[in-house]
Amino acid sequence: MARIIESSSPLGTQLTADQKQSFAEHGTIHFPGFITRETVAEIWRAIETVQEKWIGEGREKVNGVPIKYGNDVDGKRIVQRFAFANQHSPVLAEFLKDPRFETLLGFVGPNARLGINEKDGLVVNHYVNTDASKFTQMGWHTDSVRDIFLGKKILPMLNVGIHLDDQDPRNGGLRLLPGTHKQNMWNMLFRKKNFLDNEPDEREVAFNIKAGDLTVHDGRCWHRVERSVLTGEASRRRVMYIPIIAGKYTPKSEKSPTPFYHRFQHLVK
Ligand SMILES: O=C(O)CCC(=O)C(=O)O
Ligand SMILES: [Fe+2]
């Protein structure tokens with residue numbers, strides 16, 4: 001079983017010296033209790049509203065980013081990966097105005113911003129283990145590799161995760177190689193086979209997640225999602241991601257092309 005990364009002190013209006021030091025060293029940090037279970041439930045209702053709308057419309061993409069559909073434990077059609085969910089829900093858009101997201105920008109510096117209209121916006125991943133599920137795990141990858149495919153220079157990019165289910169790491173969930181944000185370009189590209197490799201690594205760490213917790217990881221860190229050993233309802237894992245980015249503002253629109261890295265999507269089941 002992977003070592004579990006210790007959670008930090010809660011996130012306040014300023015990053016503490018310890019929080020900054022720990023993030024700089026490991027490339028990841030786990031803040032407990034970012035939002036209450038009531039807020040988690042409210043957010044989930046907002047996500048379900050977007051889901052119903054997209055299923056009703058037969059929508060395939062948002063701003064060029066494909067939507068991943070699958071089936072739930074009861075066979076119901078569901079969205080398993082949302083992009084730009086914040087642009088389709090006032091509740092989610094408002095949630096991203098929580099001043100503590102501003103605090104997190106401090107991990108990058110004064111030019112950083114929350115990517116509400118860029119990259120994939122607010123992503124929601126919904127994993128569940130059933131025969132008809134299309135999303136149960138994700139192989140090793142770095143998020144920054146997408147910038148290389150897009151022909152961009154690698155700029156600072158952090159991914160902020162807001163977790164909507166408890167995750168006992170013994171059953172599966174997020175795994176990350178701490179310190180790999182400091183690796184050279186060769187290792188960033190080739191340390192593992194992007195998205196194809198699902199093997200545990202002896203140096204990986206896991207996270208003991210409660211619904212409402214927040215994690216941040218540097219986009220250059222190698223990470224994966226281990227498939228739950230459970231099936232059905234007990235395997236459900238829902239998590240939202242919003243990027244923190246720097247550099248030129250590059251918003252997407254409904255006219256945006258589908259990025260090349262989405263050709264990896266079929267590898268992720
Ligand atoms: O679901 C997770 O916790 C991680 C997802 C992820 O790595 C990604 O969407 O790039
Ligand atoms: Fe990722």
Checklist outcome for this item: Cβ-Cβ cut-off under 9 Å around P243, Lys and Arg +1, Asp and Glu -1: the net charge is -2
Checklist entry - Sorted by packing (mean other beta-carbon atoms within 10 Å per residue), highest first, where do 102-110, 134-142, 56-64 land? => result 134-142, 102-110, 56-64
Checklist entry - What do you get when you divide the Cα radius of gyration of the chain by 2.2 N^0.38 Å, with N the number of residues? => result 0.94
Item to check | Pair T231, E202: separation of 7 Å Cα→Cβ label points (nm) | outcome: 3.3
Item to check | Mean Cβ count within 10 Å, highest first, over the residues of peptides 219-226, 234-241 | outcome: 219-226, 234-241
Next on the checklist: Using a Gaussian network model on the chain with a 10 Å cutoff between Cα atoms, which of Q51, Q183, Q167 fluctuates the most?
Outcome noted: Q183
Checklist entry - What value, in deg cm²/dmol to 500, does the helix sum -39500 (n - 2.57) over DSSP H runs of n ≥ 4 give at 222 nm once divided by the residues of the chain? => result -6000 deg cm²/dmol
Next on the checklist: 7 Å from Cα along Cα→Cβ at both T250 and T39: what's the point-to-point distance in nm?
Outcome noted: 3.1
Next on the checklist: Give me the percent relative contact order of the chain, please, defined on Cα pairs under 8 angstrom at least 6 residues apart.
Outcome noted: 30
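The numbers here are math on the coordinates, done by the rules we state, and not lab data. Since the model is a prediction, treat every value here as computed from it, not as a measurement. Reconstructed Cβ throughout: ideal geometry from the backbone, glycine too, with neighbour counts over all protein chains shown.
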